[in-house]
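The values are calculated or read from the model by the stated rules, or taken from the named source; none is laboratory data. Here the structure is a predicted model, which is why all the values come from computation and not from measurement. Here the Cβ positions follow ideal geometry from the backbone for every residue, glycine too, while neighbour counts run over all protein chains shown.
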Amino acid sequence: METGLLAQFKDLGLSMVLALSACGSAMGAGMAGMSAIGAWKKSFSQNKAASFMLVAFVGAPLTQTIYGMIVMNRLYELAAKGHYAWGIGAFCGLAIGLSAYWQGKCAAAACDAMGETNKGFGNYLVVLGMTETVALFVMAFILGILGKLAGA
């Protein structure tokens with residue numbers, strides 16, 4: 001069993017990438033969810049039909065947690081070989097988490113606009129997709145770097 005200080009924290013990068021990604025997802029979905037509830041409340045108070053499609057906006061930031069898990073699994077393989085990669089886990093998780101956070105803010109605005117006009121669903125999804133792309137890029141680029149580290 002490894003007892004050195006570094007060995008005790010070998011899972012820190014793994015933990016950080018998942019935790020920071022999930023924190024961003026939670027904050028993003030929370031913001032979008034509050035906005036959806038407000039839009040539904042407004043519809044109900046005006047005796048209008050409430051759009052269930054707002055749920056798609058609320059759920060959009062959750063995928064970033066999956067990206068964090070994918071990177072975490074790859075980091076685990078490296079940690080098992082003695083490459084601890086704390087910085088990669090921390091900054092990758094932060095970037096993915098921020099993508100989810102800002103996607104949630106965009107989703108909240110989309111919920112407000114959709115609740116008010118009941119129009120523009122496709123346009124709003126495009127904006128959410130663009131925000132999501134940041135997380136996808138980070139994941140893809142980090143997986144490429146981790147593949148090179150694994151071969152080194």
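If the condition is being of a type in the set (Ser, Thr, Tyr) and within 15 Å of ALA113 (Cβ to Cβ), then the range 11-51 contributes SER35, SER43, SER51.
Report, ordered by the first and then the second residue, all pairs with beta carbons closer than 7 Å, sequence separation of six or more or different chains, a first member in the range 5-29 that is in contact (Cβ under 8 Å) with a residue 12 or more places away in the chain and among the basic types (Lys, Arg), and a second member that is part of a helix (DSSP H, G or I) and buried (at least 18 other Cβ atoms within 10 Å of the Cβ). From the range 5-29, the pairs are LYS10/ALA79. Do the conditions hold for SER21, that is, is it of a type in the set (Gly, Ala, Ser) and under 24 Å from GLY129 (Cα atoms)? Yes; evaluated as a whole, the condition is true for this residue. A search for C-beta distances below 9 Å between a residue of the range 73-97 that is touching a residue at least 60 places away in the same chain (Cβ under 8 Å) and under 9 Å from LEU14 (Cβ atoms) and any residue that is in a helix (DSSP H, G or I) and hydroxyl-bearing (Ser, Thr, Tyr), counting only pairs 6+ apart in sequence or on different chains, returns GLY89/SER15. Remark: TYR67 falls outside the filter, which requires a residue to be among the aromatic types (Phe, Trp, Tyr), within 22 Å of ALA150 (Cα to Cα) and either touching a Cys at 6+ places or on another chain (Cβ under 7 Å) or at pLDDT below 95 (or both). Per the listing ALA135, ALA110, the residue uniquely at pLDDT 95 or above, within 15 Å of GLY33 (Cα to Cα) and among the small types (Gly, Ala, Ser) is ALA110. Taking the range 1-108 as the region of interest, the helices (runs of 4 or more DSSP H) fully inside it that hold 3 or more residues being surrounded by 24 or more Cβ atoms within 10 Å (Cβ to Cβ) are 12-45, 63-80.
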